[in-house]
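**Student:** There's a structure below that I have some questions on.
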Amino acid sequence: MVFSSHKSTVLVVLLASSIGLFAPVVESTDATMYWDCCKPSASWLGKAPVYNPAVTCLADGKTIVTGPRRDDPNSSGCGGGKEFQCSCQQPWTDKINPTIGYAFAAMSSTTEKDSECACYVLEFAETASSKRGKVNTLFYQVINDGGDVTQDGLDILVPGMGIGAMTQGCSAQWKGSDISKWGKQYGGLDQDAAGCANLPEDLQPGCKWRMNEWGNSVSFKGRPRRVRCSKAHIDRTGCQRKDEPNTTFEGHYDASNNGPAPDGYTPNAAVCGIGGSRRSSVHPFVASHQRPTTHAHLTKKSGTCNV
């Protein structure tokens, strides 16, 4: 197996932005973490050969945005719009195998057409300065791009690990939260586990995952290997490529929930509320018309909003 490691230590680097403001290049053998609340790059039309772009949410982090106006050029919450990162797109650990984690990430913008909504597996190494937690293998889906990382470098989406260059997104989405208590702009809370309590309740699971499950690992072990995306990833993003490989993630893990998704997979509406809604004028879901229920990790009811 191969795995993707995050850099959740005090590495002060600009993290991937969703709109195009990028930072200095980070070594591709290390990984960073960030959460800027912006509409992901994979949510815009024409980024890659996919069945549907990645979903976005309203400011509550739960209500899936649908309808043709979701594709408007000024729709991102980081640019004055109403579309933000969905809270269900936080990392989690496999229920059967605690050494396997799942996440979403940004990769280099130079490979966006090839990597957007693709899934990879990567292992991370334990060194004198890089201590692993329970998780030592990451199965992740790329939904954002970032010029601040070289090819195969990663920014892992983890709440509380830095808002990066796009400082307006989280303050616009979470108006009742004091963003100054989310840690440093680059690096976020780092190892301050108590600081997770300063995040909105719906974002705390991912922050605690970094503290309790991930550990302090930063260094890749080997290179990312592309595999077919899991149902669990697509349940949370709604995005699946049309050129998915036949190679699947192998190992001892919860295959019932995190197993490989067949081509044209319909997201399970119970996970993130992505049912059979029409996404835009040109990207409909061909799916059962279920009403969304609740997101993983979340407690409030979710719904859809036609914009």
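**Student:** So which residues in segment 43-60 are surrounded by fewer than 24 Cβ atoms within 10 Å (Cβ to Cβ) and within 23 Å of Ser171 (Cα to Cα)?
**Tutor:** Trp44, Leu58, Ala59, Asp60
**Student:** Taking Ile163 as the residue in question, decide whether it is farther than 24 Å from Ala261 by Cα, touching a residue at least 24 places away in the same chain (Cβ under 8 Å) and of a type in the set (A, V, I, L, M).
**Tutor:** Values: farther than 24 Å from Ala261 by Cα: yes; touching a residue at least 24 places away in the same chain (Cβ under 8 Å): yes; of a type in the set (A, V, I, L, M): yes.
Yes; evaluated as a whole, the condition is true for this residue.
**Student:** Let me ask another. Take segment 38-53 and flag every residue that is of a type in the set (A, V, I, L, M) and not in a loop (DSSP other than H, G, I, E, B).
**Tutor:** At the first step, the residues of segment 38-53 found to be of a type in the set (A, V, I, L, M) are 42, 45, 48, 50.
Once the filter is applied, which keeps residues that are of a type in the set (A, V, I, L, M) and not in a loop (DSSP other than H, G, I, E, B), segment 38-53 yields Ala42, Val50.
Conditions tested, residue by residue: (1) farther than 24 Å from Ala255 by Cβ; (2) free of Cβ contacts under 8 Å to residues at least 24 places away in the same chain; (3) outside any loop (DSSP other than H, G, I, E, B).
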| site | (1), (2), (3) |
| --- | --- |
| Lys95 | no, no, no |
| Phe104 | no, no, yes |
| Thr111 | yes, no, yes |
| Tyr120 | no, no, yes |
| Glu123 | no, no, yes |
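**Student:** Let me ask you something else. With the structure loaded, tell me whether Ala194 is more than 15 Å from the chain's Cα centre (by Cα) and among the small types (Gly, Ala, Ser) or whether it fails that test.
**Tutor:** On the way: more than 15 Å from the chain's Cα centre (by Cα): yes; among the small types (Gly, Ala, Ser): yes.
For Ala194, the condition - more than 15 Å from the chain's Cα centre (by Cα) and among the small types (Gly, Ala, Ser) - is met.
**Student:** Quick one: in segment 65-83, of everything that is surrounded by fewer than 16 Cβ atoms within 10 Å (Cβ to Cβ) and at pLDDT 85 or above, which residue is nearest to Ile163 (Cα to Cα)?
**Tutor:** Here the residue is Gly80.
**Student:** Could you give me the residue pairs with C-beta distances under 8 Å whose first residue belongs to segment 200-222 and is in a loop (DSSP other than H, G, I, E, B), whose second residue is of a type in the set (A, V, I, L, M, F, W, C) wherever it lies, and which are 6+ apart or on separate chains?
**Tutor:** Short answer, once both residue conditions are applied: Pro200/Trp174; Ser217/Phe124; Ser217/Ala125; Val218/Leu11; Val218/Ala31; Val218/Phe124.
**Student:** Still on this structure, I have one more. Restricting to segment 188-198, count the residues that are of a type in the set (Gly, Ala, Ser) and at pLDDT below 90. So that I can check it myself, show each step before the final result.
**Tutor:** Here is the first cut: in segment 188-198, the residues of a type in the set (Gly, Ala, Ser) are 188, 193-195, 197.
Subsequent filtering for residues that are at pLDDT below 90 retains none.
Count: 0.
**Student:** Inside segment 229-249, can you point out the residues that are crowded, with 20+ Cβ neighbours inside 10 Å and in a loop (DSSP other than H, G, I, E, B)? I'd like the intermediate steps shown before the answer.
**Tutor:** Taking segment 229-249 and keeping what is crowded, with 20+ Cβ neighbours inside 10 Å, we get 229-241, 244, 249.
Matches in segment 229-249: Cys229, Gly238, Cys239, Gln240, Glu244, Phe249.
**Student:** A further question follows. If we keep just the residues of segment 195-228 that are in contact with a helix residue (DSSP H, G or I) (Cβ under 9 Å, 6 or more places away or on another chain) and aliphatic (A, V, I, L, M), which is surrounded by the most Cβ atoms within 10 Å (Cβ to Cβ)?
**Tutor:** Leu203
**Student:** Here's another thing I want to ask about it. Go through (1) assigned to a loop (DSSP other than H, G, I, E, B); (2) out of contact with any Phe, Trp or Tyr (no Cβ under 8 Å at 6 or more places or on another chain); (3) of a type outside the set (Asp, Glu); (4) closer than 30 Å to Arg223 by Cα and name the single condition Met33 misses.
**Tutor:** Here Met33 clears every test but (1).
The values are calculated or read from the model by the stated rules, or taken from the named source; none is laboratory data. Computed from a predicted model, the values in this text were never measured in an experiment. Every residue, glycine among them, receives a Cβ derived from its backbone with ideal geometry; neighbour counts consider all protein chains shown.
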